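First up is the structure itself, then whatever we jot down about it.
Each value in this text was obtained by applying a stated rule to the coordinates, not by laboratory testing. Remember, it's a predicted structure, so these values are computed and weren't measured experimentally. With ideal geometry, Cβ positions are generated from the backbone for all residues, glycine too; neighbour counts draw on all protein chains shown.
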Amino acid sequence: MKTAILLVLAYLLGSIPSGIWIGKLFFKKDIREFGSGNSGTTNTFRVLGKTAGLVVFAMDLLKGTLATCLPLIFHLDINPLWFGLIAVIGHTLPIFAGFKGGKAVATSAGMLLGFAPLFFFYSLAFFLIVLYITSMVSAASIASAIFVTLSSIILPYIWPTILPTQNWLLTIVCLALTCYIIYRHKENIQRIKDGTENRVSFGLNKKE
Ligand code: G3P
């Protein structure tokens, strides 16, 4: 019973549509009607600016982290990845926003932060490098998802400080999320192919 309640809580946490609520509350805008139409961090930066973007990123990240930490907080002997995964599902299919949510990236990252913090920062470094090179958050997100999955397999052998033990559930969850992230980015992928994908600066000396 406790497990079921906490899984529902993880879903509800993931369902908090940060970008939509911040946009409506402080800017009187539904960000889904602007930019890429996505309700996630990138479109919040694009439509509402840096401060709102950072707040939404923090919220979308930390809801994944908090959900992942639920079994630890409530002393449940269940792999925390299940709770993180449920939060990601909530983020992409939120009950509070007509089941139309984000593209799974920030909350998946939050899951990693809760599960293996060093692995999160290692992956974040890769994301930022790809973002700097491409100026496309979508490309950086997809590349990072693939990188994280591969890293979850090889890191325990080559850099155990970052990820000490082989964890096949982590790899399977990362693989499933990678497939899902690619699927959720299908329009971005088409725009990348067409050369029309949105480019961002985030103060990184690239053109907006
Ligand atoms: O996490 C979403 C990002 O990868 C792309 O967002 O708004 O450019 O479709 P957007």
* Asked: How far, in nm, would the chain grow between I192 and L150 when pulled straight, counting 0.36 nm per residue and subtracting the alpha carbon separation?
  -> 12.8 nm
* Using alpha-carbon pairs under 8 Å, 6+ residues apart, how would you state the relative contact order of region 68-116 in percent? -> 36 percent
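Which value in Å does the Kirkwood hydrodynamic radius of the chain take, with 1/r averaged over all unlike C-alpha pairs and then inverted?
On the way: mean 1/r = 0.0581 Å⁻¹.
Here the Kirkwood hydrodynamic radius works out to 17.2 Å.
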* Structure fact -> Log10 I(q)/I(0) at q = 0.12 Å⁻¹ for region 1-60, from Debye over equal alpha-carbon scatterers, is -0.32
* Structure fact -> Shape call for region 137-208, from the Cα gyration tensor axes a ≥ b ≥ c (a/c under 1.5 means rounded, otherwise prolate when a/b beats b/c, else oblate), comes out oblate
* Structure fact -> Dividing the alpha-carbon radius of gyration of region 55-117 by 2.2 N^0.38 Å, where N counts its residues, gives 1.05
* Structure fact -> Heads up, region 93-175 by the C-alpha gyration tensor (a ≥ b ≥ c square roots of eigenvalues; a/c under 1.5 rounded, else a/b over b/c prolate, else oblate) looks oblate
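About the Cα centre of the chain, what is the dipole size in debye to 20, counting +1 per Lys and Arg Cβ and -1 per Asp and Glu Cβ, all else neutral? Could you put the intermediate results ahead of the total?
Numbers: 17 positive and 8 negative charges, 107 e Å.
Computed charge dipole of the chain: roughly 520 debye.
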* Förster radius 22 Å - calculated FRET efficiency between S201 and L54 (Cβ-Cβ, nearest 0.05) -> 0.95
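Taking the radius of gyration and the Kirkwood hydrodynamic radius from Cα positions alone, what is the Rg/Rh ratio for region 48-152, to two decimal places? Before the final figure, lay out the partial values.
Details: Rg = 14.0 Å, Rh = 14.2 Å.
Dividing the radius of gyration by the Kirkwood radius yields 0.98.
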* Structure fact -> In whole Hz, the Karplus estimates of ³J(HN,Hα) for region 77-85 (6.51, -1.76, 1.60; θ = phi - 60°; x where Gly or Pro) are 8, 10, 4, x, 4, 4, 6, x, 4
* Asked: What ranking of L118, L48 emerges when the number of other C-beta atoms within 10 Å of each C-beta is taken as an exposure proxy, fewest first?
  -> L118, L48
* Taking other Cβ within 10 Å of each residue's Cβ, how do H185, H91 sort, fewest first? -> H185, H91
* To do: Return V8, V55, V137, V47 ranked ascending by Cβ neighbour count within 10 Å, so the fewest neighbours appear first.
  => V8, V55, V47, V137
